[in-house]
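Report on one structure; see the data block that follows.
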Amino acid sequence: MTQLVALLFDVDGTLADTERAHLRAFNLAFASACLDWHWSVPLYKELLAVTGGKERIRYYIDRFQTGFTFPGEADSFIARLHAEKTRLYTENADRGGLALRPGVARLLREARQARLRLAIATTTTPANVTALLQNSLSADAPGWFDVIGAGDVVQHKKPAPDIYHYVLERLDLAPAACIAFEDSAGGARSARDAGLTTIVTVNDFTAGQNFDAAPLVLSHFGEPDQPFSVLHGEVGDSTYLDLGLVRRIHAQAAAR
Ligand code: XBP
Ligand code: MG
């Protein structure tokens, strides 16, 4: 049976509940560009089906601002608007505005101690990943990850499997040697289509989505004093996700 060698993490919704901070940054960027656009939480839930901030803005304009005239070329207008959104998002992270979800720091540290390799596979912009890791984990945390696959490095963002293919290729590992962590149906589909076993932790934006292919769906990773709820799967006596449980899930999936 293939040994577990690497853990591959999604970022938004998995490492941290970032989507409200993304939403705030989008709305602030619209205001600073003197646009009277405002995304509510229910609208944003719908817009999240479009992964990638630039792609999301374009979809919103096409669908909800049909009369909008671009000042100049559409791609560069969207890129400028999105760059301002990224600036506002990372500024918030630098002010300590983002916190990791329960159990994330503990599991990452345990994996490092056990000499497992770590990688990131995300749709978000690389600067957002660096800002989150440095501010909520430690200044050297980006260096904990052998590969950070993020944003526009692939042509097709999640739910396409491209970002996981990109990361696996750079790690020089087969999917069977890895396990992925995701929070959304699109992310889980991306990982599954790259041949990865996936553990899911849901959040406000993704609870109720379809995670049929995932062997384990949890409320969050949990801590010794903060047990997870199991939405799907078998955890034995475990009340939080540690490396022992991750290895069991990986081995069970490999045996199937
Ligand atoms: C996250 C996303 C991202 C963020 C915004 O999806 O879809 O677009 O919402 O980030 P996942 P950018 O967790 O599946 O990677 O604006 O930097 O694209
Ligand atoms: Mg996610």
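Bear in mind that the values in this text are calculations on the coordinates, not laboratory data. In this text the structure is predicted, and so the values were computed from the model without any measurement. Here the Cβ is made from the backbone with ideal geometry for all residues, glycine too, and neighbour counts use every protein chain on show.
Checked across region 167-179, the condition of being over 20 Å from Val235 (Cβ atoms) and either within 13 Å of ligand 1 (Cβ to nearest atom) or among the polar types (S, T, N, Q) (or both) holds for at least one residue. Just one residue in the set Asp183, Asp162, Asp140 is more than 16 Å from ligand 2 (Cβ to nearest atom) and not small (Gly, Ala, Ser); that residue is Asp140. Just to be sure, is Tyr59 within 16 Å of ligand 2 (Cβ to nearest atom), under 21 Å from the mean Cα position of the chain (by Cα) and of a type in the set (Ser, Thr, Tyr)? Considered against the rule, which asks whether it is within 16 Å of ligand 2 (Cβ to nearest atom), under 21 Å from the mean Cα position of the chain (by Cα) and of a type in the set (Ser, Thr, Tyr), Tyr59 comes out as no.
Being farther than 30 Å from Ala255 by Cα and within 16 Å of ligand 2 (Cβ to nearest atom) narrows it down to one residue among Leu43, Leu8, Leu48, Leu15; which is it? The conditions single out Leu48.
Quick check on Ala253: is it assigned to a helix (DSSP H, G or I) and either within 15 Å of ligand 1 (Cβ to nearest atom) or without any contact (Cβ under 8 Å) to a residue 40 or more places away in the chain (or both)? Full working, then the answer.
Working: assigned to a helix (DSSP H, G or I): yes; either within 15 Å of ligand 1 (Cβ to nearest atom) or without any contact (Cβ under 8 Å) to a residue 40 or more places away in the chain (or both): no.
It is false that Ala253 is assigned to a helix (DSSP H, G or I) and either within 15 Å of ligand 1 (Cβ to nearest atom) or without any contact (Cβ under 8 Å) to a residue 40 or more places away in the chain (or both).
Listed by first and then second residue, the pairs linking a residue in region 1-25 that is without any contact (Cβ under 8 Å) to a residue 60 or more places away in the chain to a residue that is aromatic (Phe, Trp, Tyr), with Cβ atoms under 9 Å apart and 6 or more places separating them unless they lie on different chains, are Arg20/Tyr44; Arg20/Phe205; Leu23/Trp39; Leu23/Tyr44.
Can you name every residue in region 244-256 that is crowded, with 17+ Cβ neighbours inside 10 Å and of a type in the set (A, V, I, L, M)? Hits for region 244-256 are Leu245, Val246, Ile249, Ala253. Only one entry in Ala119, Ala114 is within 16 Å of ligand 2 (Cβ to nearest atom), in contact (Cβ under 8 Å) with a residue 24 or more places away in the chain and of a type in the set (A, V, I, L, M, F, W, C), namely Ala119.
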